[in-house]
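*Asks:* So that we are looking at the same thing, I have put the structure below in structure tokens.
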Amino acid sequence: MTGVAGTAGRWQSLRERIPAPLADAGLVALAALDVWLNLWNETSQGLALAAVACAALVFRRRFPLTVLLLTLPVTLLEDVVVAPLAALFTLAVRSRDRRLLAFCVTLAAIATAVPSPLDVAGAYDRPWTLVYFGYPLATAAAPVLLGQLVQARRDLSRRLVEIEEAKDHERELHAQAVLARERAQLSREMHDVVSHQVSLIAIQAGALQVAAKDTGTVEAARTIRSLSVGTLDELRTMVSLLRASGGDATELTPQPTLADLHRLVETSGIPVELTGELPATVGTPAQRALYRTVQEALTNVRKHAPGAAARVELSHDTDEIGVTVTNAPPTRPSLPLPSARQGLVGLQERADMLHGTFEAGPAADGGYRVRMRLPARQN
């Protein structure tokens, strides 16, 4: 079988290198030579059938079944093999109907095995002809099997090309997914870290502008606050653009954990009460999510509730761990700092990735409450 497959592959390779018109001309010439060498019935009928069989080979690619049927009548009068076998091969290469191919093989074998001329064979020839039927049957089956192997090889080559294209597409999608994760991670870190610091600068500059008595100091504070507000606005635009191309992100760089929570509270610039604790077994992704929740909530308190105190409560039970950040109502008007609520969107995404819940909304006393709950079993 390996040898036959190799022959089919070499035959297909040879056919692909030879131009179709040249191949057709060569095949017609070969069929004509076969007829000339085996011509014994020189009647006009025999010559006409032979000419039709040879000429029909030119159209075998477009009408393979019709060409086969046109090559079979000459086998009843002449001992020719090239034209019908070539037609059988072409039909086998182009057809996937196994029943049709089996019928054509049988028909070609019968046409070859029938005693010729039909009106001369005697009764004593019939049993020999029946036994002899196995030889033309095998002869007719050979080009069909070879054609099917060529077809299978062509399908396999096409399938390999499709697989390579699918792999290339998959690699491209993977690269795009990695880029999207990096963009989403970058957008979240820009919001959580950079905007956190810039908003604090803006708030401190605003406070200095109000408290300073010196004209130069007031003007410098106003400039610092103006630049900080503009930077926050630019950051908001950049975060929106990055988030539009991002997806569910994975952490790509070392991130703060709950061990850094006390320092975050101490440097927040507002009165914060930290209560509760979490077990040491809390996983790193959950620690990062809870830390970012506290960071975002305290940043929002400074931006939107100046003068308000905040309370950070850590809690856990057998099923869940969580953090709740609640702030009182503001004691003075807030500064008009730009905001697109991207931080809350990022926290919701973190909660979704960890199969938890996130809530943010006004509290009953006029303040604001942010809460994240995560499954304890995933940590």
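*Asks:* Go through the stretch 294-327 and give me each residue that's under 40 Å from the mean Cα position of the chain (by Cα) and either part of a strand (DSSP E or B) or among the aliphatic types (A, V, I, L, M) (or both).
*Replies:* 294, 297, 320, 321, 322, 323, listed by residue number.
*Asks:* For the stretch 72-116, which positions are part of a helix (DSSP H, G or I) and of a type in the set (Val, Ile, Thr)?
*Replies:* Applying the first criterion (part of a helix (DSSP H, G or I)) to the stretch 72-116 yields 73-76, 82-94, 98-113.
Once the filter is applied, which keeps residues that are part of a helix (DSSP H, G or I) and of a type in the set (Val, Ile, Thr), the stretch 72-116 yields 74, 75, 82, 90, 93, 105, 106, 110, 112.
*Asks:* In the stretch 350-378, which residues are at pLDDT below 90, buried (at least 19 other Cβ atoms within 10 Å of the Cβ) and not aliphatic (A, V, I, L, M)?
*Replies:* Within the stretch 350-378, just 350 meets the criteria.
The values are calculated or read from the model by the stated rules, or taken from the named source; none is laboratory data. Everything numeric in this text was worked out from a predicted model, so none of it was measured. Reconstructed Cβ throughout: ideal geometry from the backbone, glycine too, with neighbour counts over all protein chains shown.
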